[in-house]
Amino acid sequence: KDVIPPLEQLMVEKEGYLQKAKIADGGKKLRKNWSTSWIVLSSRKIEFYKESKQQALSNMKTGNKPESVDLCGAHIEWAKEKSSRKNVFQITTLSGNEFLLQSDIDFIILDWFHAIKNAIDRLPKD
Ligand code: I3S
């Protein structure tokens, strides 16, 4: 029988396109590779879609899953020294995954930083 998650877990708080590079997986460093990602923030997770929103919606029928990031116990910080690009911040998960997110547009990256920080601060730390 299907379990229906609480409504607040289903609610999208913010979505949009950012540049994304995953730089560690489970504590293991990865080669940095920037790409555009469709990003969906809800109360306790972020989903990264490789494709456009349009594409992602049509892929849902075929069971194509986005990369999902658990925000419980995650950290967010500006990461000037991790890239030559402007406006880069890093999210580090409890499981040791590290993501860089970037936009050339100042207000866009600031909005995302604060939205993700607020989501993390509202969650239990473990
Ligand atoms: O921190 P790095 O290694 O200088 O990051 C650059 C590389 O990931 C580079 O790819 P190659 O490893 O294939 O050369 C990317 O093209 C660059 O964008 C990365 O640097 P920035 O400063 O853009 O994050």
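The values are calculated or read from the model by the stated rules, or taken from the named source; none is laboratory data. Only a predicted model underlies this, so the values are computations on that prediction, with no experimental measurement involved. Cβ atoms come from the backbone with ideal geometry, glycine included; neighbour counts cover every protein chain shown. The protein model used for the area step is the full one, side chains on, heavy atoms only, and it has no ligands, DNA or RNA in it. Shrake-Rupley method; radii C 1.70, N 1.55, O 1.52, S 1.80 Å.
Observations, loosely collected:
- Residue match in the range 14-31 (condition: assigned to a strand (DSSP E or B), away from the ligand (no atom under 16 Å from the Cβ) and open to solvent by 60 Å² or more (accessible area, probe 1.4 Å)): yes
- Residue that is least open to solvent (accessible area, probe 1.4 Å) [pool: residues in the range 32-56 that are among the hydroxyl-bearing types (Ser, Thr, Tyr) and within 16 Å of the ligand (Cβ to nearest atom)]: 37
- Flag not set for residue 86, criterion: over 21 Å from residue 33 (Cβ atoms), in contact (Cβ under 8 Å) with a residue 12 or more places away in the chain and of a type outside the set (Phe, Trp, Tyr).
- Considered as a group, the residues in the range 62-79 that are part of a loop (DSSP other than H, G, I, E, B), open to solvent by less than 100 Å² (accessible area, probe 1.4 Å) and more than 16 Å from the ligand (Cβ to nearest atom) include one that is modelled with the lowest pLDDT, and that residue is 63.
- Here residue 2 passes the criteria (1) open to solvent by 80 Å² or more (accessible area, probe 1.4 Å); (2) at pLDDT 95 or above; (3) assigned to a loop (DSSP other than H, G, I, E, B) except the one numbered (2).
- Where residue 59 falls short, out of the listed (1) part of a strand (DSSP E or B); (2) surrounded by 14 or more Cβ atoms within 10 Å (Cβ to Cβ): (1)
- Positions within the range 80-102 being within 13 Å of the ligand (Cβ to nearest atom), part of a loop (DSSP other than H, G, I, E, B) and surrounded by fewer than 20 Cβ atoms within 10 Å (Cβ to Cβ), in sequence order: 83, 84, 85, 86
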